[in-house]
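One structure is given here, and the rest of the page talks about it.
Here, each number is a calculation from the coordinates, and none is a lab measurement. All values derive from a computational prediction rather than experimental measurement. Glycine gets a Cβ as well: all are built from the backbone with ideal geometry, and neighbour counts include every protein chain shown.
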Amino acid sequence: MLCATPSYHYYHVPPMSSVFAHRHLLDIERLSKADIEAILDLAARYAAQNRSANKTCDRLKGKAIINLFFEDSTRTRASFELAAKRLGADTVNIPVETSSIKKGETLLDTVLTLDAMQIDGIVMRHNEDGAPHFVAPHVKAHIINAGDGKNEHPTQALLDALTILRHKKKIDGLTVAICGDVAHSRVARSNAVLLAKLGAKVRLVAPPVFALPNFGNLNVECSDDMQKGLAGADVVMALRIQRERIGASEQKIDTDDYARAYRLDHTRIGAAKPDAIVMHPGPANRGVEITDELADDPERSVIREQVEMGVAVRMAVLDLLLSGQENGHGA
Ligand code: NCD
């Protein structure tokens, strides 16, 4: 039984009896369209519950979830913690800066040590691509990827999809322009995979310095021109320059030059559809990839709503993985 009362649907999906046959959430790549729809359907119900007076329930009472973040995070970590608490789970945050990782313990030893405490889930963010995929086969706990290097950030793409659905009622047939440092962005990659699976057309708009090696196998259009890239878009997503993930040559990119050519503002958004929504995963560098005016424009920007949907999506993911329903044993 769900603890989220289905009070309204944004979206028609198969009934929730469809089994979510995954043990971990490692990436969007290995989710089917039905898996994605099942998560979004449940998340829509949790979004409604989160706006009600009764935000909490005991769906995951007695379960323990560890947040293991090797990279900085504000919204993702708080969002996972709130999601777990609203489902009645116990949560522990590991402050990596003061943990034994600093004493030279390997990633696998750290994860196996936590796993030995009979915990149920590990939410993990790591600077190396594939870190959660590497540890997952070794542990009893469910692993949830909260961002691995430049690879994927699956719950971000899911919360973005839920936000888009609330405004556009569908994803199939939409044109979504993702702008900025797409080459180093796990958000861009997870979104490109998810949106393509749900039938959207994805455009990546980036300067040549952020060429797109990561996206070679994806069916996306690429442009280095904002006007062309945004033309007729239903959704425009701005991204931060991921300076912590980029090489020395790219570090030389001049912020003012970049902003002149790629900053999203009210003039540039004019190339998109008149009702296009503006998104940003955060943290935003205001004035660089997006202007204050656009980021704060209630007619256009859905940035705060993305954050709100993040809690609901993470509740849905934790519920589907940890609630003891028949989960499959594959990844
Ligand atoms: C993103 C991330 O960490 O990949 N942030 C987030 O989780 N909301 C994007 C970023 O860091 O720029």
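Near ASN93, the amide H atoms lying under 5 Å from its own belong to ASN67; only residues 5 or more places off or on other chains count, and H is placed 1.01 Å from N.
Of ARG260, ARG166, the sequence from fewest to most neighbouring Cβ atoms within 10 angstrom is ARG260, ARG166.
Based on the Kirkwood radius over alpha-carbon pairs, what is the Stokes-Einstein translational diffusion coefficient of the chain at 4 °C with 1.567 mPa s viscosity, in µm²/s? Please report the intermediate quantities before stating the final value.
Numbers: Rh = 20.2 Å.
For the chosen part, D equals 64 µm²/s.
Each part reduced to its alpha carbon centroid, the range 163-221 and the range 42-59 end up 29 Å apart.
Whole-Hz Karplus ³J(HN,Hα) for the range 229-237, in order, using 6.51 cos²θ - 1.76 cosθ + 1.60 and θ = phi - 60°, x for Gly and Pro? Karplus values, whole Hz, x for Gly and Pro: x, 8, 3, x, 6, 8, 9, 10, 10. Put in order of Cβ neighbour count within 10 Å, fewest first, the listed residues ASP234, ASP292 become ASP292, ASP234. Excluding ASP90 itself, what net charge comes from residues whose Cβ is under 15 Å from its Cβ, given Lys and Arg +1 and Asp and Glu -1? Within the 15 Å Cβ shell, the charges total +2. Listed by chain and number, the lysines whose C-alpha is less than 16 Å from the C-alpha of LYS61, apart from same-chain residues fewer than 8 away, are LYS85.
What percent does the relative contact order of the range 89-200 come to when contacts are Cα pairs within less than 8 Å and at least six residues apart? Walk me through the numbers before you get to the answer.
Numbers: 127 pairs, mean separation 22.5, N = 112.
Worked out over the range 89-200, it gives 20 percent.
Roughly how big is the range 38-132's charge dipole about its Cα centre, with Cβ charges of +1 (Lys, Arg) and -1 (Asp, Glu), in debye to the nearest 20? Display every interim value, and only then the final one.
Details: 13 positive and 13 negative charges, 133 e Å.
For this selection, approximately 640 debye.
Roughly speaking, what is the stretch gain from ALA116 to LYS273, that is 0.36 nm per residue apart minus the C-alpha to C-alpha distance, in nm to one decimal? List each step's numbers first, then the result.
On the way: separation 157, 0.36 × 157 = 56.52 nm, distance 5.26 nm.
Result: 51.3 nm gained on full extension.
Amide H contacts of LEU264 (H built 1.01 Å from N, in plane; Pro and chain starts excluded): ILE290, THR291 sit under 5 Å, all sequence-distant by 5 or more or on other chains. Working ranking of peptides 186-192, 303-309, 83-89 by packing, defined as the average number of other Cβ atoms within 10 Å per residue, highest first, is 186-192, 83-89, 303-309. Summarising the strand pairing of the chain, around 5 percent of its internal DSSP beta bridges are antiparallel. Say a paramagnetic label sat at a point 7 Å from the Cα of GLU221, along Cα to Cβ; which residues of the range 160-190 have their backbone N under 17 Å from it? 172-180, by backbone N distance to the label point. One compactness figure for the range 154-209 is 1.09, namely its Cα radius of gyration divided by 2.2 N^0.38 Å.
For every helix of n ≥ 4 consecutive DSSP H residues, a contribution of -39,500 (n - 2.57) applies; sum these over the chain, divide by its total residues, and give [θ] at 222 nm rounded to the nearest 500 deg cm²/dmol. All intermediate terms of the calculation are to be shown ahead of the outcome.
On the way: 12 runs with 116 residues, N = 331.
Result for the chain: -10000 deg cm²/dmol, rounded to the nearest 500.
Close amide-amide hydrogen proximity is noted between ALA21 and GLY328, each under 5 Å apart and 5 or more residues distant or on a separate chain (H modeled in the peptide plane; Pro and chain starts excluded).
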